[in-house]
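K.L.:
Supplied in structure tokens, the structure appears directly below.
The values are calculated or read from the model by the stated rules, or taken from the named source; none is laboratory data. Fair warning: this is a prediction, and the values are worked out from it, not measured in the lab. Cβ coordinates were reconstructed from backbone atoms using ideal geometry, including for glycine residues, and neighbour counts include every protein chain displayed. Remember, those area values only see protein heavy atoms, side chains included, never the ligands or the DNA or RNA. Shrake-Rupley method; radii C 1.70, N 1.55, O 1.52, S 1.80 Å.
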Amino acid sequence: MKLYYKVGACSLASHIALEEAGIPYTLEAVDLMAKKTESGEDFLAVNPKGYIPALVIDDGAVLTEGVAILLRIAAMAPEKGLAPAVGTQDYMKLVEWLVFIATELHKPAGTQFNPAMPEEGKAVLKTILGRRLDYLDKALGKGPFLMGERITVADFYLFTVVSWLPRLKIDTAAWPHVAAHYERIKARPAAQAVLKAEGLA
């Protein structure tokens, strides 16, 4: 399989999930402005949406959208337990967390990196993000991971979004459980290997 990625972007979650799952893969960096890959491919021919991540499965099919990719990776390595069994209440809780991260954390955080976003807009988004982090911090107080005692692909997605907060001048000290979760994931061998591979450690 091949993961199309950008250093430190939301594709980081898929990269960590692949490493944690022990699935063989290759990487191809993408210049999102030029829509070109490091080998000179037209990225729009890979993913017409024009953004990462994109995962080329062994049969040549291309899967896009981070949540879909994370769930696919978990399904490909069921022995790793990175997602509960499909159809169970726990599985639906995992989906709930993934959607929460994608819509309530990723979007208000990621949008602030847009240079066209006015400062007033960034301030509004930071207020929204703070409320979501308040909720998240309470939820993380119930267990070391989002799903309690078991780590799942949602934890890698959360780790990725929280990694952006210092660049947005948001101090996670106000949310100690969120900060502790970030350090917990960062210390895992898979995360360390990925951060090193992307030049982030």
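K.L.:
Would you check which residues across segment 13-70 are polar (S, T, N, Q) and under 18 Å from Phe156 (Cα atoms) and list them?
P.N.:
Result: Ser14, Thr64.
K.L.:
Please list, ordered by first then second residue, the pairs with beta carbon atoms under 6 Å, 6 or more apart or interchain, first in segment 55-74 and assigned to a helix (DSSP H, G or I), second β-branched (Val, Ile, Thr).
P.N.:
That search, which allows pairs on different chains as well, returns Leu70/Val153; Ala74/Val153.
K.L.:
Using beta carbons and a limit of 9 Å, which pairs, at least six apart or on different chains, have the first residue in segment 118-143 and closer than 13 Å to Val178 by Cβ and in contact (Cβ under 8 Å) with a residue 40 or more places away in the chain and the second one acidic (Asp, Glu) and open to solvent by 50 Å² or more (accessible area, probe 1.4 Å)?
P.N.:
Leu129/Glu104; Leu136/Glu104
K.L.:
Hey, another quick one. If I filter segment 26-49 down to residues being over 22 Å from the mean Cα position of the chain (by Cα) and of a type in the set (Gly, Ala, Ser), which single residue comes out as nearest to Gly8 (Cα to Cα)?
P.N.:
Looking at the filtered set, the residue picked out is Ala34.
K.L.:
Could you please find all residues in segment 6-50 being in contact (Cβ under 8 Å) with a residue 60 or more places away in the chain, farther than 18 Å from Ile101 by Cβ and not acidic (Asp, Glu)?
P.N.:
Val7, Ala21, Leu27
K.L.:
For segment 84-110, give me each residue that is assigned to a helix (DSSP H, G or I), of a type outside the set (A, V, I, L, M, F, W, C) and surrounded by 13 or more Cβ atoms within 10 Å (Cβ to Cβ).
P.N.:
Listed by number, the residues that qualify are Asp90, Tyr91, Lys93, Glu104, His106, Lys107, Pro108, Gly110.
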